[in-house]
Amino acid sequence: QVQLVESGGGLVQPGGSLRLSCVASKTITGYVMSWYRQAPGKERELVAGISNAGGTIHYADSVKGRFTISRENVKNTVYLSMNSLKPEDTGVYYCNARLSDTFWGQGTRVTVSS
């Protein structure tokens, strides 16, 4: 019902920045939007979440102060701005939309390496 397409991943050096985008195929006005990531050999973990109106935001401790989640509902888009990237931030980043149902994107790969 809702397709999510992530973009913006790539290879970046430690200390660099990336901005991920997640574009939905329909309105996400009522959805809680989140970003998850999965490193090789590890389970998928929550990185950041934002409420439907943007008033409530949560970050994993590991990214707090470095990452910023935001949403632009008129464009059906959620963003994840990542600064001061570390090698441990490497992984596939997935967009998630949740209301009564949950939808996932296919992910965009982020590699932080020298």
Hits among aspartates and glutamates - C-alpha to C-alpha of Lys42 under 16 Å, sequence gap 8 or more where chains match: Glu88, Asp89
Which residues does a label at Val74 reach in the stretch 22-39, if reach means a backbone N under 18 Å from a point 7 Å past the Cα toward the Cβ? 23-24, 26-30
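Accessible area per residue of the chain at 1.4 Å probe, in Å²?
53
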Residues of the stretch 41-81 with backbone nitrogen within less than 12 Å of a virtual label 7 Å along the Cα-to-Cβ line of Ser17, please, listed as ranges. 66-68, 81
Simple spin-label estimate for Asn52/Ser7, 7 Å along Cα→Cβ, in nm, reads 2.8
Provide the convex hull volume over Cα atoms per residue for the chain, in Å³. 91
Histogram of C-alpha separations across the stretch 52-114, 5 Å bin width, %: 4, 13, 23, 27, 19, 10, 4, 1, 0
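The values are calculated or read from the model by the stated rules, or taken from the named source; none is laboratory data. All values derive from a computational prediction rather than experimental measurement. Virtual Cβ from ideal backbone geometry, glycine too; neighbours counted across all protein chains shown. Just so you know, the surface numbers come from the protein's heavy atoms only, side chains and all, with ligands and any DNA or RNA stripped out. Shrake-Rupley method; radii C 1.70, N 1.55, O 1.52, S 1.80 Å.
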